[in-house]
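Every read-out reported here was derived from the displayed coordinates using simple, explicitly stated rules and does not represent laboratory data. None of the values given here were measured: they were computed from a predicted structure. Glycine gets a Cβ as well: all are built from the backbone with ideal geometry, and neighbour counts include every protein chain shown.
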Amino acid sequence: MPEGAQFREHIKQNLAADVLRSTGQVRLAAFGYSMLPSLWPGDHLTVQVRAFQQIRVGDVVLFARLNRLFIHRVLRILPDHLVTRGDAMPSKDSPVSADELMGVVTKVQRADGRSIAIVGCSPLRRVTGLALAYSGKLRSLALRWHVRRHGRSSDVPAIVKQGSTR
């Protein structure tokens, strides 16, 4: 990642952390593919502060690591860390400590304004996520379909174009 982009990510992370500490919640736009098909680029996520002891298996959590923010699902809870993974990721993340944990996603709003439930990662959802992660063409088609079906294309143009096969 270029130095300027790293600096911007660091600023975003600090701002999100400050807002969470002062208000108890923050609203972020999702981007990236790691949580497909549960979360799509352009979804607006409400994240609320939660103590480590309040986290449950299946929760989708926000954590900070290496000057980046990650939103992944909790697979296991151990006494001193969480085991997480993006629904579309082939392997688990490195353990997430209580210090890295920032909060839990409590609300998802699509680009068309609809609020959706945060659902678990069923076997079908997991297979779909992996297929989307491994196939750029399939992911591009799915992103285009999602934008046409759920939202304004202006919400995620760079992401859709990035995965474009044209």
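Step by step: first the residues of the stretch 102-136, then only those that are assigned to a loop (DSSP other than H, G, I, E, B) and touching an Asp or Glu at 6+ places or on another chain (Cβ under 7 Å), then the one that is nearest to Gln53 (Cα to Cα). Which residue is that?
Taking the stretch 102-136 as the starting set, the residues that turn out to be assigned to a loop (DSSP other than H, G, I, E, B) are 110-114, 117-122, 135.
Subsequent filtering for residues that are touching an Asp or Glu at 6+ places or on another chain (Cβ under 7 Å) retains 110-111, 121.
Numbers: Arg110: 29, Ala111: 32, Cys121: 22 Å.
Step by step, filter the stretch 102-136, then rank; the result is Cys121.
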*Report yes if Ala30 is within 14 Å of the chain's Cα centre (by Cα) and not aromatic (Phe, Trp, Tyr), otherwise no.*
yes
*asked:* When you check His72 against the structure, is it under 24 Å from Leu15 (Cβ atoms) and free of Cβ contacts under 8 Å to residues at least 40 places away in the same chain, yes or no?
replied: yes
*How many residues does the stretch 36-93 hold that are crowded, with 21+ Cβ neighbours inside 10 Å and outside any strand (DSSP E or B)?*
10
*Output yes when any residue across the stretch 99-116 is touching a residue at least 40 places away in the same chain (Cβ under 8 Å) and of a type in the set (S, T, N, Q), and no when none is.*
yes
_Filter result (loosely packed, with under 13 Cβ neighbours inside 10 Å and either under 28 Å from Leu132 (Cβ atoms) or aromatic (Phe, Trp, Tyr) (or both)) within the stretch 15-28_ = Arg27
*the stretch 1-35, subset free of Cβ contacts under 8 Å to residues at least 40 places away in the same chain, part of a helix (DSSP H, G or I) and among the small types (Gly, Ala, Ser), residue farthest from Leu45 (Cα to Cα)*: Gly4
